[in-house]
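The structure appears below as structure tokens.
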Amino acid sequence: MAKNSSRPVGRHALHIPGPTPLPDRVLRAMDTPIIDHRGPEFARLAKKCLEGIKTIFKTSNPVIIYTATGTGAWEGALVNTLSAGDKVLMVETGQFATLWKKMAEKLGLQIEFITTDWRAGVDAAAVEARLREDKAKEIKAVCFLHNETSTGVLSPVADVRKAIDKAGHPALLLVDTISSLASTDYRHDEWGVDVTVGGAQKGLMLPPGMSFNAVSDKALAANKTSKLPKSFWAWDEMIVINKIGFFPYTPATQMLQGLAVSIEMLHEEGLDNVFARHDRMAEATRRAVKAWGLEIICRDPKFYSPTLTAVLLPDGHDADAFRALALEHFNISYGASFGRFQGKMFRIGHLGDTNDTMLIGALGATEMSLSLAGIPHKKGGVQAAMDYLVSARDSSVKQAAE
Ligand SMILES: *Cc1c(COP(=O)(O)O)cnc(C)c1O
């Protein structure tokens, strides 16, 4: 038999839940000469991005664009609204929620963590109950992840807003939407979120290195009295200079070139179509996993993530070895495992510039890898996914004809 070639042929199947594959059009848009970041051409580009990004968060307030990964925008959300010693209620949906909590603690906040088994989303009733107990209104903010990327659970943002209101509690609502924005419906203004944290490299189909804070009037008011130290992350100076299309420092010009095009592409497809595509790919993936007889980490369908599916392997099978095998044989990457599921599960990302055909390729590679790795499973997962994609298309074809 011929030795394995060292040259990977064709495109790498990037099925981690972010960074996601970039559309060629975004790559081309970034492959342009650098422009003067204090000149008129830049101001036009920046204004286009600053206006355009509002339509993605569905807000009419300013959106702060940071030259930083999502973790930076986490910090921006906290330091701009809170003061040392403030009590914050967070929910442990998984690894990313835990990281945000650790950051908040390092910043000097007092965190109360509602724990879960990492297999469910946020329970709005539990948040309401805790806030009702807080008669002295000591809790200054409720923070959680719209989509927990380490486990594939989606939490009900609008329900948590209602829970806070029902409890009659003044806490701010801070939501991380890094792995859900531009992939599933999100409404910053309508849902009454005070700070929404976003990132570039997931649904927005951009490279890593840019992130966002969408803000409410209440968050802007809290900013005026918040005492946590801030300089790079400070909103006030940024918002003032953004009005004329500039930044307080040299922003990532090429990322903005890409952002203008990714926003354009999302609207060309239509946001509702983008969301329907993600729902369809997620359902097809879950049908494949169920047909294989494997377990999905998210145990309640009401929390199923539209952007990734985390798959538990049977006891005694190492998920890291499985991912390494799939990479070697089929040039595909899956998301790694963390915390209580370390080595026990892998995550299939199905977000960003991904279509049904790419997904079937990924699920085919997964089914072949399960066989090669000797992991007990039933055949027919890819078939189940294809059957679902055909039926989903049938009904949309019928709808169009009606
Ligand atoms: C990816 C991700 C982050 C971290 O973003 P970085 O860009 O890696 O700093 C935070 N929260 C969620 C939900 C994520 O998916």
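The values are calculated or read from the model by the stated rules, or taken from the named source; none is laboratory data. Computed from a prediction, not measured in an experiment: that's the story for all the values here. All Cβ positions, glycine included, derive from the backbone under ideal geometry; neighbour counts span all protein chains shown. Surface areas here come from the heavy atoms of the whole protein model, side chains and all, with no ligands, DNA or RNA. Shrake-Rupley method; radii C 1.70, N 1.55, O 1.52, S 1.80 Å.
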Set Thr55, Thr71: member being outside any loop (DSSP other than H, G, I, E, B), open to solvent by 20 Å² or more (accessible area, probe 1.4 Å) and within 13 Å of the ligand (Cβ to nearest atom): Thr71
Determine if segment 118-140 includes at least one residue that is open to solvent by less than 30 Å² (accessible area, probe 1.4 Å), closer than 30 Å to Leu266 by Cβ and free of Cβ contacts under 8 Å to residues at least 40 places away in the same chain. yes
Inter-residue pairs, beta-carbon under 8 Å, first assigned by TED's automatic domain parsing to the domain that holds His377 and in segment 305-327, second in a strand (DSSP E or B) and of a type in the set (Lys, Arg), 6+ apart: Leu308/Arg347; Thr309/Arg347; Ala310/Arg347; Val311/Arg347
Being within 12 Å of the ligand (Cβ to nearest atom) and either surrounded by fewer than 23 Cβ atoms within 10 Å (Cβ to Cβ) or assigned to a helix (DSSP H, G or I) (or both) is the filter here, so list the residues in segment 87-100 that pass it. Gln95, Phe96, Ala97, Thr98, Leu99, Trp100
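Does segment 217-257 hold any residues that are within 16 Å of the ligand (Cβ to nearest atom) and among the aromatic types (Phe, Trp, Tyr), and which are they?
Quick first cut of segment 217-257, residues within 16 Å of the ligand (Cβ to nearest atom) only: 232-233, 252, 255.
The answer is Phe232, Trp233.
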Output the residue which, of all residues in segment 217-248 that are open to solvent by 30 Å² or more (accessible area, probe 1.4 Å) and touching a helix residue (DSSP H, G or I) at 6+ places or on another chain (Cβ under 6 Å), is farthest from Lys54 (Cα to Cα). Lys230
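Could you list, in sequence order, all residues of segment 144-163 that are under 22 Å from Leu228 (Cβ atoms) and either in contact with a helix residue (DSSP H, G or I) (Cβ under 6 Å, 6 or more places away or on another chain) or surrounded by fewer than 18 Cβ atoms within 10 Å (Cβ to Cβ) (or both)?
Leu145
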Among the residues of segment 131-143, write down those that are out of contact with any helix residue (DSSP H, G or I) (no Cβ under 7 Å at 6 or more places or on another chain) and either assigned to a loop (DSSP other than H, G, I, E, B) or within 16 Å of the ligand (Cβ to nearest atom) (or both). Asp134, Lys135, Ala136, Lys137, Glu138
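Restrict the check to segment 196-216 and report whether at least one residue is more than 16 Å from the ligand (Cβ to nearest atom) and open to solvent by 10 Å² or more (accessible area, probe 1.4 Å).
Scanning segment 196-216 turns up at least one residue that is more than 16 Å from the ligand (Cβ to nearest atom) and open to solvent by 10 Å² or more (accessible area, probe 1.4 Å).
Rundown of residues vs (1) farther than 20 Å from Gly18 by Cβ; (2) hydroxyl-bearing (Ser, Thr, Tyr); (3) at pLDDT 95 or above; (4) in contact with a strand residue (DSSP E or B) (Cβ under 8 Å, 6 or more places away or on another chain), yes/no style:
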{"site": "Thr309", "(1), (2), (3), (4)": "no, yes, yes, yes"}
{"site": "Ala319", "(1), (2), (3), (4)": "no, no, yes, yes"}
{"site": "Phe322", "(1), (2), (3), (4)": "yes, no, yes, yes"}
{"site": "Ala326", "(1), (2), (3), (4)": "no, no, yes, yes"}
{"site": "Ile332", "(1), (2), (3), (4)": "no, no, yes, yes"}
{"site": "Ala336", "(1), (2), (3), (4)": "no, no, yes, yes"}
{"site": "His350", "(1), (2), (3), (4)": "no, no, yes, yes"}
{"site": "Met358", "(1), (2), (3), (4)": "no, no, yes, yes"}
